[in-house]
Amino acid sequence: MIKAFDMVRPRKYRDGYRPWTLMRLGHGEEVYRKAEELAERERIPISELVLKALADHVKAHYPGNPQIPLGGSDADYREYVAARRRAQLSALLETPWPDREAWLQAVDKALDRLMAQPDRGQATRELIHTALNLIDSG
């Protein structure tokens, strides 16, 4: 529940901290309760835990679904798709999920999509090799 004092903006931000309000919907109570428990167990504020999760999400999904320019060639589109798939697999490999089995399935799916690309440069082959080694060891 949001209280009136949560909505007041301070006149100055001290030490670079800027307060922000997070609204919890009714169906998110269990997730929030578990997040509070994790934050307490890790001895960090809930705001730091939320910021970490937000940073991980942005890292995995930024810039989102950018549109490619109209009028580009097929080669431009293929390179765009290959670059997006490399970036998705790289982001997955950099940040393992708590549920290792689900994470390995996501890596496997991203790997399949990347391997379907016809043109593979050295960086792509190295990324594929790293992912395959990870899956084999998992």
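The values are calculated or read from the model by the stated rules, or taken from the named source; none is laboratory data. None of these values were measured; they are calculated from a predicted model. A quick note on method: Cβ atoms are made from the backbone with ideal geometry, for glycine too, and the neighbour counts reach across all protein chains shown.
General observations
- Annotation note: Cβ proximity below 6 Å between a residue of segment 41-59 that is without any contact (Cβ under 8 Å) to a residue 24 or more places away in the chain and outside the structural domain of Leu89 (by TED's automatic domain parsing) and a residue that is in a helix (DSSP H, G or I) and not aromatic (Phe, Trp, Tyr) (sequence gap 6+ or interchain) occurs for Ile46/Glu36; Ile46/Ala39; Leu49/Ala35; Leu49/Ala39.
- Restricting segment 1-57 to residues that are charged (D, E, K, R) and not in a helix (DSSP H, G or I), the residue that is modelled with the lowest pLDDT: Lys3
- Scanning segment 25-58 for residues that are in contact with an Asp or Glu (Cβ under 8 Å, 6 or more places away or on another chain) and within 17 Å of Thr95 (Cβ to Cβ) yields one hit, Leu49.
- Count of segment 102-112 residues, restricted to those that are of a type in the set (D, E, K, R) and surrounded by 15 or more Cβ atoms within 10 Å (Cβ to Cβ), is 1.
- Restricting attention to segment 77-101 and to residues that are among the acidic types (Asp, Glu) and part of a helix (DSSP H, G or I), the residue that is surrounded by the most Cβ atoms within 10 Å (Cβ to Cβ) turns out to be Glu79.
- Members of segment 113-125 found to be exposed (fewer than 11 other Cβ atoms within 10 Å of the Cβ) and either in a helix (DSSP H, G or I) or in contact (Cβ under 8 Å) with a residue 24 or more places away in the chain (or both), listed by number: Pro118, Asp119, Gln122, Ala123, Arg125
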